[in-house]
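The next block holds one structure in the form of structure tokens; read it before the comments.
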Amino acid sequence: MWDTIIIQPFINLLLWISNFVGNFGVAIILFTILTRIILYPLTASQIKSSTAMQALQKDKRYIEIQTKYKNDKEKLAQEQMKLYQELKINPLSSCLPTLIQFQIIIGLYQAMIQTMAAGPIDLLKLTRHIYPNFLKLSEVLPLNSQFLWMDMGLPERLNIPGLNFGIPVLAIVVVITTYISTKIMTPPAQPGANDQGAMMSKMMNLYMPVLMGWLAWTLQSGLALYFVVTNLIQIAQYAISGNVHWGNLAFWKKKAVVKK
């Protein structure tokens, strides 16, 4: 079922785009743009939820709940949930695009492994996933997997003369762009608030860039390229919608406030 719904369509779409543009790296970039366009309704819902949560933190009822039940986490969670239901806010709706994104990442990873067939057996497996009325294997293979300094089927490293190790440029860029995108998407927390949602957001802001960077460092550079393009598009979508919280990146200002 997974192969039929996810892997097979991904393989055929990647091969078709690659055959059209003549480069597998460019195909991944175009594939990423296409998926972000398809997922835009979910992204718009995520932006709407983020805006609603930001407005909620300024609500008098919300502030009163935080103050009244600050020492009773169970009661605090119950009262917050009642307020969420009253205002028709789903605090978990922002997680849905992320969950779907992970499914795309897994599917793309498996599709790339099979698309970059390294031997006769792998090539035979690949032919079983090709739509015969959509693609001809003789026309799409061999793939041009070289993009800039990278081979899309290998972990990315930039080799500089004089250094005996490769620099994982894409992994570094993935960490930076993931951190920026998660921070600017998160509404500023109300001072003194003890909200579980805010705590979860802080955890995500720390762990997500590390996780994505580790994946970009260890897996194929094609996947790392997908991460970078996805993050840049996501930042652009939030910027266009006017819901970018650039102040979250100014950590030095927060430290200055604490000293007072």
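Data overview
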item	result
The range 38-81, residues that are surrounded by fewer than 15 Cβ atoms within 10 Å (Cβ to Cβ), not polar (S, T, N, Q) and not in a helix (DSSP H, G or I)	K58, D59, K70, D72
For A117: the one exception among (1) under 30 Å from Q57 (Cα atoms); (2) modelled with pLDDT under 80; (3) crowded, with 18+ Cβ neighbours inside 10 Å	(1)
Meets criteria (of a type in the set (D, E) and out of contact with any helix residue (DSSP H, G or I) (no Cβ under 9 Å at 6 or more places or on another chain)) for E74	yes
Candidate set: the range 1-37, residues that are under 15 Å from the mean Cα position of the chain (by Cα) and touching a residue at least 24 places away in the same chain (Cβ under 8 Å); chosen: the one surrounded by the fewest Cβ atoms within 10 Å (Cβ to Cβ)	I33
Spans of helices (runs of 4 or more DSSP H) in the range 156-260 with at least 2 residues buried (at least 19 other Cβ atoms within 10 Å of the Cβ) and at pLDDT 85 or above	169-185, 196-218, 221-241
Y109 within 19 Å of the chain's Cα centre (by Cα) and aromatic (F, W, Y)	yes
Set L148, L124: member being touching a residue at least 12 places away in the same chain (Cβ under 8 Å), surrounded by fewer than 18 Cβ atoms within 10 Å (Cβ to Cβ) and farther than 16 Å from N19 by Cα	L148
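The values are calculated or read from the model by the stated rules, or taken from the named source; none is laboratory data. Keep in mind that what you see is a predicted model, and the values were worked out from it rather than measured. Quick reminder, even Gly has a Cβ in these numbers, built from the backbone with ideal geometry, and neighbours come from all protein chains shown.
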